[in-house]
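Structure first, then comments.
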Amino acid sequence: MALRNVREIGDPILEKICRPVKEMNDRTRELIADMFDTMHESNGVGLAAPQVGILKRIVVIEVEEGESYVLINPEITAQDGEQTGYEGCLSVPGKTGVVTRPEHVVCNAMNEEMEPYTIEAEGLLARCICHELDHLDGHLYVELAGDQLYDNEELEQMEAEAEAEEAGADEAEEN
Ligand code: ZN
């Protein structure tokens, strides 16, 4: 197991466009294994190569435990619908933003054997694919969250207040 250093917002490498992978070799296999280790260690659900300082079009995703994907040279070929929800990123520690993404995407990629395959995804997996592919073109979710970007502590407080308000409203209804 080898962990790599995760680059954080402000690091210019996160703003660069990544190069396609032309062939699989031992170095790239090791990178992919390290990306999974690094993602698991940080309890992330996805990681893109530029986040560990490598400008290659490689993404790893594991939204459901045990259901992992390696996406090499991925491309979204179709998308529809809309979902709005919370998003975070290992490169933006301590923050959560509200981001609107397509509800459903179709993504073509290559696996670790450089065999092409297609993922049809919805919900969290679709969100994760969009988020990670943005990294390959130098984009972070904070651009999409705009002013709906919160410190995690601030967000916890907001949620607690909303819950308290809801409880209050329930009581009022009973009376
Ligand atoms: Zn990210």
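Ordering of 2-9, 77-84 by packing is 2-9, 77-84, highest average first (other Cβ atoms within 10 Å, averaged per residue). With each label modelled as a point 7 angstrom along the Cα→C-beta vector, the Ala78-Thr118 pair spans 0.7 nm. Under 1.5 on a/c is rounded, so check that first for segment 116-175, then, if it is not, pick prolate when a/b is larger than b/c and oblate when it is not; a ≥ b ≥ c are the square roots of the alpha carbon gyration tensor eigenvalues. Judged from the Cα gyration tensor, segment 116-175 comes out oblate (a/c at least 1.5, b/c at or above a/b).
Computed from label points 7 Å out along Cα-Cβ, the spacing between Asn111 and Ala169 is 4.7 nm. Listed by chain and number, the lysines whose C-alpha is less than 24 Å from the C-alpha of Lys56, apart from same-chain residues fewer than 8 away, are Lys16, Lys22. Put in order of Cβ neighbour count within 10 Å, fewest first, the listed residues Met24, Met158 become Met158, Met24.
Find, to one decimal place in angstroms, the Kirkwood hydrodynamic radius of the chain, where the mean of 1/r is taken over every pair of different Cα atoms and then inverted.
17.3
Once you have a ≥ b ≥ c as the square roots of the Cα gyration tensor eigenvalues for segment 13-60, tell me rounded if a/c is under 1.5, and otherwise prolate or oblate according to whether a/b is larger than b/c. Oblate shape, in that a/c is at least 1.5 and b/c is the bigger or equal ratio.
Neighbours of Arg101, meaning other residues whose beta-carbon lies under 11 angstrom from its beta-carbon, give a summed charge of -4 when Lys and Arg score +1 and Asp and Glu score -1.
Axis of helix 152-174 versus longest Cα principal axis of the chain: the two differ by about 40°, to the nearest ten degrees. Between Glu15 and Glu103, the FRET efficiency estimated from the beta carbon spacing at R0 = 35 angstrom works out to 0.80. Given segment 1-90, report the % of alpha carbon pairs whose separation exceeds 21 Å. It works out to 34 percent of all Cα pairs. Under a model in which nothing but the beta-carbon of Lys, Arg (+1) and Asp, Glu (-1) is charged, the chain shows a dipole of about 1680 debye around its Cα centre. Angle of helix 123-136 to the longest C-alpha principal axis of the chain, folded into 0 to 90 degrees and rounded to 10: 50°.
Share of antiparallel DSSP beta bridges in the chain, in percent to the nearest 5?
95
Any chance you could give the angle, 0 to 90 degrees and rounded to 10, that helix 26-41 forms with the longest Cα principal axis of the chain? Computed tilt is about 20 degrees.
A short reminder: the numbers here are calculations on the coordinates, not readings from a lab. Note that this is a predicted model, so its numbers are computed, not measured. Methodologically, a virtual Cβ is constructed for each residue, glycine included, from the backbone with ideal geometry; neighbour enumeration extends over all protein chains shown.
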